[in-house]
Structures are given as C-alpha cells and as structure tokens.
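Every number in this text was worked out from the coordinates using simple rules, so none of it is lab data. Keep in mind that this is a model prediction, so the values were computed, not measured. Backbone-built Cβ (ideal geometry, glycine too); neighbour counts: all protein chains shown.
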Amino acid sequence: MKQREALSAHRFKQALSCLRQAQILVAANEYKGAANRSYYAVFHAVRSVLALEGIDFGKHTAVMAHFRKAYIRTKIFDENLSDILTLLFKVRNDSDYDDFYVINKEDVANQLSSAEYFLSEIRQYIDKSL
C-alpha cells in the first residue's frame, strides 16, 4: 500500500506542476499552452486517484473511462468533474492538433479555474483516503 500512496503523491505533484505551468502560460498570453497544461493537470490528478487502486492505462481515453465508471457513476465524485474532464480533453486535443484552433483569454481562464477546482476535489479525496 505504501508504494501506491507514494505513486499517488508523485502523480498529484505532477498535476500541481502542470497547474502552475498553466498559470504561468496564461500570464504570458500563451493560451494554447495553458489549455494543454490545464488538461494535463486534471489528467495527472485522475491518475493519482487510480494509483491508490493500483490501476493505470496506456490511453487517456481508458483512464477517463475508468474514472467515470468507478468514481463518477458511483457518486464518489460529482458528475461535474466528468464534464470538466471532457471539456479540458476536447480543448487540449483541438488546441494541440488543429492548426487553426484559437482559444481566447476568457476561455482559457475558465479552463484554468476548472482545473483548479478539479484538483481541489481530488486532493480532498486523497487526503480522506490516506
């Protein structure tokens, strides 16, 4: 169990680092990069929860599907976290792979705010679980 807790802590630290990077990128008016880092903050936070179970997946979609099945549908987390995950994933994909995708300051600020909320919910869960 200690190994799972250590991995969870490591992944959550990655999430916090991505969140800090997103904040820096927003301040520098680098909105696509901020959207990317906001998504990865949430993604690593989800993986920190899965680490407590000893579970991981090779694809982002599999990580998200398991999180929804095991944590959203069972009401461990509120459904709005699933909505946040979906939106951040979509925006990250669009901003990374669509050459002409534009995200404005207001949208990326909402992305960042959603990521901050998501991480606070995950942190509360992890703290209760340990």
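Which residue is farthest from the chain's Cα centre (by Cα), if the candidates are limited to segment 53-84 and must be more than 22 Å from residue 4 (Cβ to Cβ) and surrounded by 15 or more Cβ atoms within 10 Å (Cβ to Cβ)?
Here the answer is 82.
When residue 91 is evaluated against the numbered criteria (1) within 29 Å of residue 130 (Cβ to Cβ); (2) under 13 Å from the mean Cα position of the chain (by Cα), which criterion, by number, is the only one it fails?
(1)
Of the conditions (1) surrounded by fewer than 22 Cβ atoms within 10 Å (Cβ to Cβ); (2) in contact (Cβ under 8 Å) with a residue 60 or more places away in the chain, residue 48 fails just one. Which one is it?
All conditions pass for residue 48, except number (1).
For segment 15-33, name all the residues that are in contact (Cβ under 8 Å) with a residue 40 or more places away in the chain, aliphatic (A, V, I, L, M) and closer than 17 Å to residue 92 by Cβ.
15, 19, 22, 26 - these are the residues of segment 15-33 that are in contact (Cβ under 8 Å) with a residue 40 or more places away in the chain, aliphatic (A, V, I, L, M) and closer than 17 Å to residue 92 by Cβ.
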